[in-house]
Amino acid sequence: MGLQGALHLIYPPQCLSCAAPVQSDFGLCADCWRETPFIAGLVCDGCGTPLPGPDSEERALCDDCMTVKRPWDRGRATLIYDGNARNLVLALKHGDRMDLARPASDWMARSAQPILRPGMLVVPVPLHWMRLFRRRYNQAALLSRGIARATGLEHCPDALTRRRPTGTQDGKGREARFANLLDAFVVPKARVMRVRDRDILLVDDVMTSGATFAAATEALIASGARSVSVLALARVAKDG
Ligand SMILES: [Zn+2]
Ligand SMILES: [Zn+2]
């Protein structure tokens, strides 16, 4: 029996969501799997939201990405922010379930396959330091670290910083969300050379209107990034 086998006798693998026994580490039980809306099939190339119709080679865009100008190139998401996916995202964000970052970033690395480029730099959307202090960890940085490991790409967790606290985006309409984040991000001087002429994979836990991704993308482009693509753990299907 290997170490893994011995550990499984002491700590049998549990479902990430409900703690029911499962076959392997970092998995969901069959019930939770069914309740967790993983995105598959044809998706919007701008944000990863699922689209009706058969999967095809042609670039498809959702209504949002056709209406709102996206400063980034391409985008993908792993889950619809609904049902059990919502529970997992909130547990990672607020519930100190840092252990969820490992399986979630593996799922995200798989979702990102079509948009990955060799030599990409993986960068998380940062928290403002005051929020980081309260929460103790940035869930987006845990995810981006896991994605870099799973894909073999370089990770730069501090390529972006927030200039000012932007508060919550909850309850704000689309316009207010974009206005709230205007110039919110900057590439610190010490990181400009890391970002210059690079293709960036920008990572966050949730994409709602895309205002956060847009503001962070603009800061990266302003510092000379060649391209930015975005990757979210969960996509909110409709704007609140
Ligand atoms: Zn379960
Ligand atoms: Zn879209």
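The values are calculated or read from the model by the stated rules, or taken from the named source; none is laboratory data. Since we're looking at a predicted model, the values are computed, not measured. Note that each Cβ is placed from the backbone with ideal geometry, even for glycine, and that neighbours are counted across all protein chains shown. For the accessible areas, the whole protein counts, side chains as well, though only heavy atoms, and no ligand, DNA or RNA atoms are used. Shrake-Rupley method; radii C 1.70, N 1.55, O 1.52, S 1.80 Å.
At-a-glance table
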item: Odd one out for residue 47, checked against (1) closer than 28 Å to residue 153 by Cβ; (2) open to solvent by 20 Å² or more (accessible area, probe 1.4 Å); (3) not in a strand (DSSP E or B); result: (2)
item: Checklist (1) within 22 Å of residue 153 (Cβ to Cβ); (2) within 16 Å of ligand 2 (Cβ to nearest atom) applied to residue 103, failing item; result: (2)
item: Boolean, residue 83 is within 16 Å of ligand 1 (Cβ to nearest atom), over 21 Å from residue 216 (Cβ atoms) and not aromatic (Phe, Trp, Tyr); result: yes
item: Matching residues in the range 84-124 - criterion: being in a loop (DSSP other than H, G, I, E, B), surrounded by 15 or more Cβ atoms within 10 Å (Cβ to Cβ) and not basic (Lys, Arg); result: 116, 120
item: Residue within the range 200-209 that is modelled with pLDDT of 85 or more, open to solvent by less than 40 Å² (accessible area, probe 1.4 Å) and touching an Asp or Glu at 6+ places or on another chain (Cβ under 6 Å) present; result: yes
item: Hits in the range 201-238 - residues which are part of a strand (DSSP E or B) and among the acidic types (Asp, Glu); result: 204, 205
item: Lone unmet requirement of (1) more than 24 Å from residue 219 (Cα to Cα); (2) open to solvent by 20 Å² or more (accessible area, probe 1.4 Å); (3) more than 16 Å from ligand 1 (Cβ to nearest atom) for residue 62; result: (2)
item: Contacts under 7 angstrom Cβ, first residue in the range 125-136 being part of a helix (DSSP H, G or I), partner surrounded by fewer than 16 Cβ atoms within 10 Å (Cβ to Cβ), 6 or more apart; result: 130/165; 131/165
item: Number of positions in the range 67-80 that are modelled with pLDDT of 95 or more, out of contact with any strand residue (DSSP E or B) (no Cβ under 7 Å at 6 or more places or on another chain) and either open to solvent by 60 Å² or more (accessible area, probe 1.4 Å) or within 16 Å of ligand 1 (Cβ to nearest atom) (or both); result: 0
item: Filter result for residue 25 (touching a Pro at 6+ places or on another chain (Cβ under 9 Å) and either within 16 Å of ligand 2 (Cβ to nearest atom) or assigned to a loop (DSSP other than H, G, I, E, B) (or both)); result: yes
